Amino acid sequence: MVQRSTVLVADDQPANLLLVASALKSEYEVIAVASGAELLERAAGGDIDLILLDVEMPDLDGFEVCRRLKADTRTAPIPIIFLTARDASADEALGFDVGGVDYIAKPIRPAIIRARVRTHIELKRARDLLERLASIDALTGIANRRGFDSAIDLEWRRAIRGRRWLSLAIVDVDDFKQFNDALGHLKGDECLGQIAKSFNRITRRSGELAARYGGEEFALMFPELDAPLMQQVMTSLLEGVKALEIPHPGSRVSSVITVSVGAISLLPSRDQSMLEVLEATDRLLYQAKEGGRNRCVHMDVATERKSTITLS
């Protein structure tokens, strides 16, 4: 079943809210608010596909609300259609200048509002699909570096707001150059695809993500996963790769494909840099390599405790 799109409507006149909701409720989930401040708060919560915004409201007018929505990376992509009783080309031009995609004149006509909303919802779905395709690694079918960067930016901010755990891992396939030299690049591509599938099996919860970070490196993200649970997941990751039993004639550590992992668990805060945390995770990866490969070095930032995870 296809999930219905959600339309957020802001108008200070209850009769207009009822009319819009009645026109759209058969096709969409409709959320009605009576002020610009309420709209900004609700839109920032996510899961909004389109906004219908009255131009004239008592607290913040529609143009100012639109400016604030477009200045926030969380809400900037949401298409905004202005509702107005004004009939001035200057107002219409201003609406487009601040980021609106369309204008609907009052009094509201249900057939017109349904047609305009349907058009812009379809355009947004097409744009979202193109963005998703641009964030997928063609070789492995999982997220690419762009997809990971976008996702971690969102989850980092969510973790700060909610004071929630975030765990990250960077993974490198051990002696992969030797694997390609011995068996060829086609086998190398197949190997990366199988490893990606094994990572997908441990990133099943909402927000969790496995991505190809570049070459034979992967990155994994686990929102709301604390340090003890992250260590368990990293054990499962090492076991999952070993269970693939991909022969590796050029490996210095095993007869089958193995990986080295740097992992970190923390409660992100505003005085921390996401880039610095990723760099720290990368340093942990190199410690895993220097320690003999086929292992994970994990850091619990809260306790400053570092652990090495290996398979018996």
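The values are calculated or read from the model by the stated rules, or taken from the named source; none is laboratory data. Just so we're clear, the structure is a prediction, and the values are computed from it rather than from any experiment. In this analysis, Cβ positions are derived from the backbone assuming ideal geometry, glycine residues included, and neighbour counts consider all displayed protein chains.
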Open item on the list: So GLY207 passes all but one of these: (1) surrounded by fewer than 20 Cβ atoms within 10 Å (Cβ to Cβ); (2) at pLDDT 95 or above; (3) under 16 Å from the mean Cα position of the chain (by Cα). Which condition number does it fail?
Closed with: (2)
Task: strands (runs of 3 or more DSSP E) wholly inside segment 139-241 that include at least 2 residues being free of Cβ contacts under 8 Å to residues at least 60 places away in the same chain and among the acidic types (Asp, Glu) - done: none
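The rows are residues; the columns are (1) closer than 30 Å to MET299 by Cβ; (2) of a type in the set (Lys, Arg); (3) not assigned by TED's automatic domain parsing to the domain that holds SER198.
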residue: VAL98; (1), (2), (3): no, no, yes
residue: ARG127; (1), (2), (3): no, yes, yes
residue: ALA151; (1), (2), (3): yes, no, no
residue: ALA159; (1), (2), (3): yes, no, no
residue: ARG164; (1), (2), (3): yes, yes, no
residue: LEU168; (1), (2), (3): yes, no, no
- [ ] Identify all residues within segment 284-309 that are part of a loop (DSSP other than H, G, I, E, B) and either surrounded by fewer than 13 Cβ atoms within 10 Å (Cβ to Cβ) or free of Cβ contacts under 8 Å to residues at least 12 places away in the same chain (or both); write none if there are none.
- [x] ALA302, THR303, GLU304
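Please go through segment 248-273 and pick out each residue that is in contact (Cβ under 8 Å) with a residue 60 or more places away in the chain, in contact with a Lys or Arg (Cβ under 9 Å, 6 or more places away or on another chain) and not in a loop (DSSP other than H, G, I, E, B). Can you show your working first?
In the first step, residues of segment 248-273 are kept if they are in contact (Cβ under 8 Å) with a residue 60 or more places away in the chain; the result is 248-254, 257-270.
Then drop every residue that is not in contact with a Lys or Arg (Cβ under 9 Å, 6 or more places away or on another chain), which leaves 250-254, 257-262, 267-269.
Those that are in contact (Cβ under 8 Å) with a residue 60 or more places away in the chain, in contact with a Lys or Arg (Cβ under 9 Å, 6 or more places away or on another chain) and not in a loop (DSSP other than H, G, I, E, B): VAL259, SER260, VAL261, GLY262.
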Task: Qualifying residues in segment 68-106 (those that are under 17 Å from ARG42 (Cβ atoms) and among the charged types (D, E, K, R)) - the one surrounded by the fewest Cβ atoms within 10 Å (Cβ to Cβ) - done: ASP72
